[in-house]
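Worksheet: one structure, shown below.
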Amino acid sequence: MQVRVVNRKKGELNLPLIYLIITIILTGSAYGLFRLHSVPFLPCPFKEMTGYPCPTCGSTRMVLSLFHINFIDAFLWNPGVFLSGVAAVFWFGYGIISQLKRKKLYFSLSKREGFWLRVLLLGGFMINWLYLVIAGI
Amino acid sequence: MSSCPFCGKEFDGDPATCPHCGQVIHKSGQGESGEQMTPPPAPPAVPGMPVPEGEKSRKIVPFEDPDAGFFNGLFDTIKLALFQPSSFFSTYRFDGSIGRPMVFALVVGWFSAAVGVLWSLIFNASIMSAISRYIPETENAAMSRLGNQFMFSSIGGIVSLVIAPIAIVLGLFIMAGLYHLFLMMVSGAKRGFETTFNVTCYSVSAKLFMVIPFCGGSVAWIYSLVISIIGLSGAHETDGWKGAFAVLMPFVLCCCLVLLMVLFFGAAIAGLAAQN
C-alpha cells in the first residue's frame, strides 16, 4: 500500500466536505423531527416478510440513542452502521484538514491488497448481519 | 478483425456503423486485415477543464457544449439519454465539471415533479367528486373531512415543489455516492466520482415519463434504473453486471425495496386477473 500527500488541484471536488454538509442537513432535519416527537417509525419490509432483520435494521433506534448521547446503546443497535458513522466522522475531519491545507492523501492499493480489503469488508458485513439476527434486533 | 475508433471494441466484416456503439465509422483505406480507421476528430475542450488521456476520444454532452445553446442542448441531451442511452454513455464525456449536469437534473427533475403533482391533484379531485356522489347530503362531517384531506394533499404537493430543488441535489449526491461506493466494491469504478455523479444527473431524464398519468411514476422509476445501469457501465467502461450491482444493491440493502415492488406489482396483477 502506498500513501502519499499530494497537492489538491484548483477546482477539485472535496467530497468529504460535500457529504459533511449533506449529513448536517439530514441530521438536523432528523433531530428537528426527534424534538417534535414525530420521527417516522417505518416498519422494515424485509423483517415484516421474513421475520429476520435486514442489514440496516436498528439504524433509526441507533440514531435515537445518539440523540440521547448513549453511545453504548447506539453501538449495540447496529455495530456496522455505528462504525461506518465513526469512519465517516474521520473522513469529514480529513476533508476539513484537506481543505485548509490544500493537500490530500493519495492511496494506492495493489490488486492483492484490494482483494483482501473487499474480503474484510464483506466479512464484516456478514458478521454484523449475523449479530443482528442472533440479537433479535 | 477491425476495431471501432469510438468504443474500441472489435468486430468482424465491414459495417458502416459500429455494432456495439452505433457510431458511423469512417475508413481511411481498404486494408485486407487489421484495417486502419481514421480516429474521430478531437472534441472541443470544456473551457477551463483539462481533458484526461482516456477521455480524449469522447464528445462533449450537448447540454455542456457552450455553443449548443441552453434549450437545444437540453432537448438533444434528453433525446440521447432516453432513446440512445447505450451510445450516449459510451461515446460522450462525463468526467467534467458537475455544475452543468446538476443544472440539467434540477431542470428536468423539477419539471417532472411539477407534472407529478399536477396529475395527483387532478386524480385527487376526480376521486373527491366521485366519492361525494355517494355520500348523502346529511353527512356534512364526512364531506368536510374529505375536503380537508384534499386541501392538505394539495398544499403538501405545492410545498414539495418548493423544497424539490434541495431534495433533488441531496438525492443526487446520496445516490451517486452509493453507486460509486458499490462500483468500487466490484472494481468497476474506472473513472472518478464526477463520472458517476454526472451519469446519475443525466439518468434523471427518465423522470420525464411522469407525464404519463397513473403508471408514469413506476415507468420513470424503472427506466431511470435501466439508464443508470447502462450509463455507469458505459461511462466507466466496465462490465454491465458491475453497473447493475452498483445500481441495484442500494435498493436490495435498503430493506429490499425491489422485492416489495415486485410483490406489489405481482399482487396488483393477480388482483386484476382475479377480477377478470
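Would you say B:LEU106 is at pLDDT 90 or above, among the aliphatic types (A, V, I, L, M), in a helix (DSSP H, G or I) and farther than 30 Å from A:TRP116 by Cβ? Give the steps one after another, and end with the answer.
Numbers: at pLDDT 90 or above: yes; among the aliphatic types (A, V, I, L, M): yes; in a helix (DSSP H, G or I): yes; farther than 30 Å from A:TRP116 by Cβ: yes.
Yes, satisfied.
With open to solvent by 50 Å² or more (accessible area, probe 1.4 Å), in a helix (DSSP H, G or I) and more than 11 Å from every other protein chain (Cβ to nearest Cβ) as the only criterion, which of B:PHE214, B:PHE152, B:PHE182 stands out? So that I can check it myself, show each step before the final result.
Working: B:PHE214 fails: in a helix (DSSP H, G or I); B:PHE182 fails: open to solvent by 50 Å² or more (accessible area, probe 1.4 Å).
Matching residue, one of B:PHE214, B:PHE152, B:PHE182: B:PHE152.
Consider B:VAL186 against the criteria (1) over 20 Å from the mean Cα position of the chain (by Cα); (2) free of Cβ contacts under 8 Å to residues at least 60 places away in the same chain: it satisfies all of them except one. Which criterion is unmet?
Here B:VAL186 meets the rest and fails (2).
Which of the residues belonging to the range A:28-62 are in contact with a Ser or Thr (Cβ under 8 Å, 6 or more places away or on another chain) and either aromatic (Phe, Trp, Tyr) or in a helix (DSSP H, G or I) (or both)?
The answer is A:PHE41, and nothing else.
For the range A:34-84, which residues satisfy the criterion of being open to solvent by 70 Å² or more (accessible area, probe 1.4 Å), aliphatic (A, V, I, L, M) and either farther than 30 Å from A:LEU120 by Cα or within 13 Å of chain B (Cβ to nearest Cβ) (or both)?
A:LEU36, A:LEU42, A:MET49
Do you know which of the residues in the range B:162-179 that are away from chain A (no Cβ under 13 Å) and open to solvent by less than 30 Å² (accessible area, probe 1.4 Å) is modelled with the lowest pLDDT?
Once the filter is applied, the top-ranked residue is B:ALA164.
Can you name every residue in the range A:1-33 that is of a type in the set (Val, Ile, Thr) and within 13 Å of chain B (Cβ to nearest Cβ)? Give the steps one after another, and end with the answer.
First, the residues of the range A:1-33 that are of a type in the set (Val, Ile, Thr): A:3, A:5-6, A:18, A:21-25, A:27.
Across the range A:1-33, the qualifying residues are A:ILE18, A:ILE21, A:ILE22, A:THR23, A:ILE24, A:ILE25, A:THR27.
Would you be able to tell me the number of residues in the range B:247-262 that are within 14 Å of chain A (Cβ to nearest Cβ) and at pLDDT 75 or above?
The initial filter retains those residues of the range B:247-262 that are within 14 Å of chain A (Cβ to nearest Cβ), namely B:249-262.
With at pLDDT 75 or above added as a condition, the list becomes B:249-251.
Adding up the residues that qualify gives 3.
Considering the range A:104-126 alone, what residues qualify as being in contact (Cβ under 8 Å) with a residue 40 or more places away in the chain and open to solvent by 90 Å² or more (accessible area, probe 1.4 Å)? Reasoning before the result, please.
Filtering the range A:104-126 for residues in contact (Cβ under 8 Å) with a residue 40 or more places away in the chain gives A:104-110, A:113, A:124-125.
Answer for the range A:104-126, where residues must be in contact (Cβ under 8 Å) with a residue 40 or more places away in the chain and open to solvent by 90 Å² or more (accessible area, probe 1.4 Å): A:TYR106, A:PHE107.
Regarding the range B:120-129, can at least one residue be identified that is open to solvent by less than 30 Å² (accessible area, probe 1.4 Å), more than 20 Å from B:ILE212 (Cα to Cα) and not aromatic (Phe, Trp, Tyr)? Explain how you work it out, then say what you get.
In the first step, residues of the range B:120-129 are kept if they are open to solvent by less than 30 Å² (accessible area, probe 1.4 Å); the result is none.
No, there is no match, as no residue in the range B:120-129 is open to solvent by less than 30 Å² (accessible area, probe 1.4 Å), more than 20 Å from B:ILE212 (Cα to Cα) and not aromatic (Phe, Trp, Tyr).
The values are calculated or read from the model by the stated rules, or taken from the named source; none is laboratory data. What you see is a predicted model, and the numbers here were worked out from it, not measured in a lab. Every residue, glycine as well, gets a Cβ built from its backbone with ideal geometry; the counts of neighbours run over all protein chains shown. Ligands, DNA and RNA are stripped out before the accessible areas are found, and what is left, the full protein with its side chains, is counted by its heavy atoms. Shrake-Rupley method; radii C 1.70, N 1.55, O 1.52, S 1.80 Å.
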